[in-house]
Amino acid sequence: PRRARLLAVSDATKADIATLLGRDDVTVIRPAASATLFYPETNVARQQAVLQRYGLADRPYLLSVATLEPRKNIVHLLRCFA
């Protein structure tokens, strides 16, 4: 009989599946943002307008969209940025 292949969104999920289900036939397929909705802004005037709007035009900034979970190591990220 043919077995279904399992998909996971991260290596951590793959490891969990292997541990919990004893399956080693897991493929990691990472989710990605839509290229039509999210893309680099190349227009310098637009870039500057956004930086001005948020008060970031004259200083460095850091954008993180991670959750505040310990496994994300936000403290280390902030140390590196500093």
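The values are calculated or read from the model by the stated rules, or taken from the named source; none is laboratory data. Bear in mind that the values here come from a model prediction, so they are computed numbers and not experimental data. With ideal geometry, Cβ positions are generated from the backbone for all residues, glycine too; neighbour counts draw on all protein chains shown. Note: areas computed on protein heavy atoms with side chains; ligands, DNA, RNA excluded. Shrake-Rupley method; radii C 1.70, N 1.55, O 1.52, S 1.80 Å.
Scoring Leu77 on the criteria (1) more than 16 Å from the chain's Cα centre (by Cα); (2) surrounded by 11 or more Cβ atoms within 10 Å (Cβ to Cβ); (3) not in a loop (DSSP other than H, G, I, E, B) leaves a single failure, condition (1).
Scan region 33-48 and tell me whether some residue there is of a type in the set (A, V, I, L, M, F, W, C), at pLDDT 90 or above and either within 19 Å of the chain's Cα centre (by Cα) or open to solvent by 100 Å² or more (accessible area, probe 1.4 Å) (or both). The answer is no, given that none of the residues of region 33-48 is of a type in the set (A, V, I, L, M, F, W, C), at pLDDT 90 or above and either within 19 Å of the chain's Cα centre (by Cα) or open to solvent by 100 Å² or more (accessible area, probe 1.4 Å) (or both).
When the residues of region 1-32 are filtered to those that are more than 20 Å from Lys72 (Cβ to Cβ), touching a helix residue (DSSP H, G or I) at 6+ places or on another chain (Cβ under 7 Å) and in a strand (DSSP E or B), the one that is least open to solvent (accessible area, probe 1.4 Å) is Val26.
Out of Ala82, Ala57, one residue alone is open to solvent by less than 90 Å² (accessible area, probe 1.4 Å), free of Cβ contacts under 8 Å to residues at least 24 places away in the same chain and small (Gly, Ala, Ser). It is Ala57.
For region 60-74, a residue qualifies if it is exposed (fewer than 11 other Cβ atoms within 10 Å of the Cβ) and in a helix (DSSP H, G or I), and the qualifying residues are Pro70, Arg71.
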